[in-house]
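*Asks:* Before I ask anything, here is the structure I am working with.
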Amino acid sequence: MPQATYHFPKGFLWGTATSAHQVEGNNTNNNWHKWEQEGHTNGKSGLACDWWGGRWREDFDRAAETGQNAHRLSVEWSRIQPAPDRWDEDALEKYRAMLRGLKDRGLTAMVTLHHFTDPLWLAEVHGWETEEVVPLFEKFVRKTVEALKEYCSLWCTLNEPTGYAVNGYVDGGSGAFPPGQNNLRLALRVQANLIRGHAAAYRAIHQIQPEARVGFAHHYRSFAPQRAWSPLDRWVQRNFFTAVNLGFPFALASGIMKTPIGSIRIPEAKGTQDYFGFNYYTREVVAFDLRKVNTLFGRNFFRKEADMSDNSFLANEPEGMYEGMKWVVRTFPNLPILVSENGVECADDHIRPRYIAQHIHQMWRAVNFNWPVKGYFHWSLTDNFEWDLGWTHRFGLWSLDPETQKRVKRPSADLFAEICRENGLSSAMVEKYCPEVFGELFPS
């Protein structure tokens, strides 16, 4: 049996990712809390992981004790600016305490400034639907960065902005994300305003902290045509790829937002990215379907033989991660890549060990080609409130009971700890935690 280790470069960041609303608890002043109270979600966030009550300390201890050297978290706009004319200094001090806690434990902080949630006062004036949001977001970013810059220089302006626009304004009929609309043109306007907001935030952060590294987290979606020989399936694949993957990143590279129905010029966005934040979870198959007018005549699904997660929410398709990184280095050369999210929902941990090993192996393949991959943040540290899915989908290295707040370490936490400490993936780890993929990752 071959023995080997796939090592990563010195200084590589290994950590987990979280977001404020999903872990803090009692976030009652934003649009997602209102969405939960209206019955659009599978349960309510409630205490979540009780980070606002102080349990971030024990979770940061868990991260540090298992070899992690970084953590990605977000701040909650509605806590910092509870009303248009009011700032909450106590909330900012709590975030300073969290970031000090990371620093004291030897973890590099990556702070996301907007992770899906908007203050109620902003939602009431139509949020990101109008350009008036841009100076409001910039004002919030300036206040927050000034307060936290002592402990952070790695900033993520927006998490998955295309997902924010699509889930709230195109898939709104499914009731997934607020405000639950189904209007493609409005979705494109929202995405354009998110791009403008990112550009304003990027320049504001660099004015305050010239040494900062600023980017956003893009949810890369991999699509494969059901029938490679079919021009219609390939057409759908190109449309899906353009709609999901090109709009936001291309705007930051060129100042032009590409969409399946045209382009929008946003010149101020050009050159506003210091790294590429890469979120990757799965790959889907797409096919032409005349009945699917609202999704550009395309339907998406997983391969019949795919290795599926608990609720068939994700397919384990690690090759899509390598494909995505290849696309990034070819399309946006010279940008460092941070894997800002990657993970799988699995309550009993039967799929997560091989998912982690296979995806980290694909990331190592990218590094081996000298592609500038600089870090990996696993989603997530503990189970948390998964938006419209509530507590039904478990992504944590530690399980969490939201009623008792009890955490229980899963075997995948030990695998990830060994990877972090070794700064690499070894054959011994794979043999111990996921022997079923040993031959694939370490062929004779």
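The values are calculated or read from the model by the stated rules, or taken from the named source; none is laboratory data. All values derive from a computational prediction rather than experimental measurement. Neighbour counts run over all protein chains shown; Cβ positions are idealised from the backbone, glycine included.
*Asks:* Condition first: surrounded by fewer than 22 Cβ atoms within 10 Å (Cβ to Cβ) and touching a Lys or Arg at 6+ places or on another chain (Cβ under 8 Å). Can you find one or more residues in the range 159-176 that meet it?
*Replies:* Checked the range 159-176: no residue is surrounded by fewer than 22 Cβ atoms within 10 Å (Cβ to Cβ) and touching a Lys or Arg at 6+ places or on another chain (Cβ under 8 Å).
*Asks:* Failed condition for His21, given (1) assigned to a helix (DSSP H, G or I); (2) at pLDDT below 95; (3) not charged (D, E, K, R), with all others met?
*Replies:* The failed condition is (2).
*Asks:* Give the range 108-132 a look and list any residue that's part of a helix (DSSP H, G or I), of a type in the set (A, V, I, L, M, F, W, C) and surrounded by fewer than 21 Cβ atoms within 10 Å (Cβ to Cβ), or say none.
*Replies:* Kept after step one, since they are part of a helix (DSSP H, G or I), are these residues of the range 108-132: 120-123, 127-129.
Adding the requirement that they be of a type in the set (A, V, I, L, M, F, W, C) leaves 120-123, 128.
Of everything in the range 108-132, those that are part of a helix (DSSP H, G or I), of a type in the set (A, V, I, L, M, F, W, C) and surrounded by fewer than 21 Cβ atoms within 10 Å (Cβ to Cβ) turn out to be Leu120, Trp121, Ala123.
*Asks:* Of all residues in the range 62-81, which are free of Cβ contacts under 8 Å to residues at least 60 places away in the same chain and surrounded by 18 or more Cβ atoms within 10 Å (Cβ to Cβ)?
*Replies:* Matches in the range 62-81: Leu73, Glu76, Ser78, Arg79.
*Asks:* A further question follows. Which one of these is within 19 Å of Asn159 (Cα to Cα), β-branched (Val, Ile, Thr) and either in contact with a Phe, Trp or Tyr (Cβ under 6 Å, 6 or more places away or on another chain) or assigned to a strand (DSSP E or B) (or both): Val285, Val328, Val244, Val236? Write out each step before concluding.
*Replies:* Numbers: Val285 fails: within 19 Å of Asn159 (Cα to Cα); Val244 fails: either in contact with a Phe, Trp or Tyr (Cβ under 6 Å, 6 or more places away or on another chain) or assigned to a strand (DSSP E or B) (or both); Val236 fails: within 19 Å of Asn159 (Cα to Cα).
The conditions single out Val328.
*Asks:* Which number in (1) touching a residue at least 12 places away in the same chain (Cβ under 8 Å); (2) over 15 Å from the mean Cα position of the chain (by Cα) marks the one condition that Ala165 misses?
*Replies:* With respect to (1) touching a residue at least 12 places away in the same chain (Cβ under 8 Å); (2) over 15 Å from the mean Cα position of the chain (by Cα), Ala165 is out only on (2).
*Asks:* Any idea which residue in the range 181-216 is nearest to the chain's Cα centre (by Cα), counting only those that are more than 19 Å from Leu296 (Cα to Cα) and not in a helix (DSSP H, G or I)?
*Replies:* Going through the qualifying residues, I end up with Phe216.
*Asks:* Kindly evaluate Gly320 against the criterion of being closer than 28 Å to Thr117 by Cα and within 20 Å of the chain's Cα centre (by Cα). Steps first, answer last, please.
*Replies:* Details: closer than 28 Å to Thr117 by Cα: no; within 20 Å of the chain's Cα centre (by Cα): yes.
It is false that Gly320 is closer than 28 Å to Thr117 by Cα and within 20 Å of the chain's Cα centre (by Cα).
*Asks:* Right, something else. Filtering the range 257-269 down to residues that are hydrophobic (A, V, I, L, M, F, W, C) and over 22 Å from Val236 (Cα atoms), which residue is surrounded by the fewest Cβ atoms within 10 Å (Cβ to Cβ)?
*Replies:* Our first condition is that a residue be hydrophobic (A, V, I, L, M, F, W, C); within the range 257-269, this holds for 257, 261, 264, 266, 269.
If we keep only those that are over 22 Å from Val236 (Cα atoms) too, we end up with 266, 269.
Numbers: Ile266: 21, Ala269: 25.
Restricting to residues being hydrophobic (A, V, I, L, M, F, W, C) and over 22 Å from Val236 (Cα atoms), the top hit is Ile266.
*Asks:* What are the pairs with Cβ atoms under 6 angstrom where one residue, in the range 344-371, is on the phi > 0 side of the Ramachandran plot and the other, located anywhere, is surrounded by fewer than 22 Cβ atoms within 10 Å (Cβ to Cβ) and assigned to a helix (DSSP H, G or I)? Sequence gap at least six, or different chains.
*Replies:* Once the first residue is on the phi > 0 side of the Ramachandran plot and sits in the range 344-371, its partners that are surrounded by fewer than 22 Cβ atoms within 10 Å (Cβ to Cβ) and assigned to a helix (DSSP H, G or I) give Asp349/Pro411.
*Asks:* Is it true that some residue in the range 325-332 is over 21 Å from the mean Cα position of the chain (by Cα) and more than 30 Å from Trp391 (Cβ to Cβ)?
*Replies:* First, pick out the residues of the range 325-332 that are over 21 Å from the mean Cα position of the chain (by Cα): 330.
Subsequent filtering for residues that are more than 30 Å from Trp391 (Cβ to Cβ) retains 330.
The answer is yes, given that some residue of the range 325-332 is over 21 Å from the mean Cα position of the chain (by Cα) and more than 30 Å from Trp391 (Cβ to Cβ).
*Asks:* Looking at this structure, is Glu36 of a type in the set (Asp, Glu), crowded, with 22+ Cβ neighbours inside 10 Å and in a helix (DSSP H, G or I)? So that I can check it myself, show each step before the final result.
*Replies:* On the way: of a type in the set (Asp, Glu): yes; crowded, with 22+ Cβ neighbours inside 10 Å: yes; in a helix (DSSP H, G or I): yes.
Yes: the conditions hold for Glu36.
*Asks:* On to the next question. Considering the range 334-385 alone, what residues qualify as being β-branched (Val, Ile, Thr), under 25 Å from Ser19 (Cα atoms) and over 17 Å from the mean Cα position of the chain (by Cα)?
*Replies:* Just the residues of the range 334-385 that are β-branched (Val, Ile, Thr), to begin with: 337, 339, 344, 351, 356, 360, 367, 373, 382.
Restricting the remaining residues to those that are under 25 Å from Ser19 (Cα atoms) gives 337, 339, 344, 351, 356, 360, 373, 382.
Of everything in the range 334-385, just one residue is β-branched (Val, Ile, Thr), under 25 Å from Ser19 (Cα atoms) and over 17 Å from the mean Cα position of the chain (by Cα), namely Ile351.
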